[in-house]
Amino acid sequence: MEAGFNREAFYGIISRKVRASALEVMDIRGRFLDIGCGDGALFLEALKEGSGAEFFGIDLSRPYILKARERCEGAHLLQGDFFNMPFKESTFDRVSLLNTVMNLTDEALSSLLGEIKRILKRGGKAYIEFRNTDNPLIRWRYRKALKEGLFVRGFDPGSFKRLLERKGLRVRGTKAIGIPSRWLALSYITEVEKP
């Protein structure tokens, strides 16, 4: 089964909550890259905040990048491969990866985390969101999606933290999205730092 884009998951209520929570958590400054930027929804909200950051976005979908270019004046937006990004080592101060981990296989996620580490500056931070498989509703929805032929995945906070640490990223904190309970949180945003 191939990893793929899950439109309902991206535009669903959880995804909107993820973006809203990310804006509360993220320290947007310097050169900021949104991996899987879609149509620029995160940039539009961040631009309203007036952070002064230089925004970059990359997405696999040409139609989404074209739409993002129309909506997000001044952002540097590229259609491209997440696993071999056209950026030099240590380019970005901040990176976000929201509403994307759920569609990546183990191999793809490992590769992408390596790329994030490569493009972050030393001391740079990444904000990575993952769906909470300790939540029974998320587990049920994902089992249903798998039966329908969609690839989706989630993690519990402990296993995701171990994965990030194995990739050489330092976990600085994790914020629950939804009700802050292991069993009720819909998702988590983890802040990591490149040592």
Correct response: the longest run of the chain lacking exposed GluC sites (Glu not before Pro), defined by DSSP loop and at most 10 other Cβ within 10 Å, is 3-72
Per the charge dipole of the chain (beta-carbon charges, Lys/Arg positive, Asp/Glu negative, Cα centre), the residue among G50, M85, I179 reaching farthest to the positive end is I179
Taking a crude spin-label model, label points 7 Å out from Cα along the C-beta direction, the K121 to E165 distance in nm is 2.8
To the nearest 10 degrees, the tilt of helix 106-119 (Cα long axis) against the first principal axis of the alpha carbons of the chain is 30
One would report the antiparallel percent of DSSP beta bridges in the chain, rounded to the nearest 5, as 45
Comparing S90, S111, S51 in a Gaussian network model of the chain (Cα, 10 Å), the one with the largest mean-square fluctuation is S51
Excluding residues fewer than 8 positions from K48 in its own chain, the lysines with Cα under 19 Å of it are K17, K67
Checked against the structure, the computed mean projected area of the Cα convex hull in nm² among (1) 13.7; (2) 10.0; (3) 17.1 is the one labelled (2)
Straight-line reach check, K167, cutoff 17 Å on alpha carbons, 8 or more apart in-chain or any other chain, hits among lysines -> K117, K121, K125, K194
Answer in debye to the nearest 20: the dipole magnitude of the chain about its Cα centre, from +1 Lys/Arg and -1 Asp/Glu charges placed on Cβ, is 460
Check: C-alpha center the stretch 149-169 vs C-alpha center the stretch 38-95, spacing in Å is 24
If one compares the long axis through the Cα atoms of helix 157-166 with the longest principal axis of the Cα atoms of the chain, the angle in degrees, nearest 10, works out at 50
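Bear in mind these aren't lab numbers, they're just calculated from the coordinates by the rules spelled out. Quick caveat, the model's predicted, so the values are computed rather than measured. Reconstructed Cβ throughout: ideal geometry from the backbone, glycine too, with neighbour counts over all protein chains shown.
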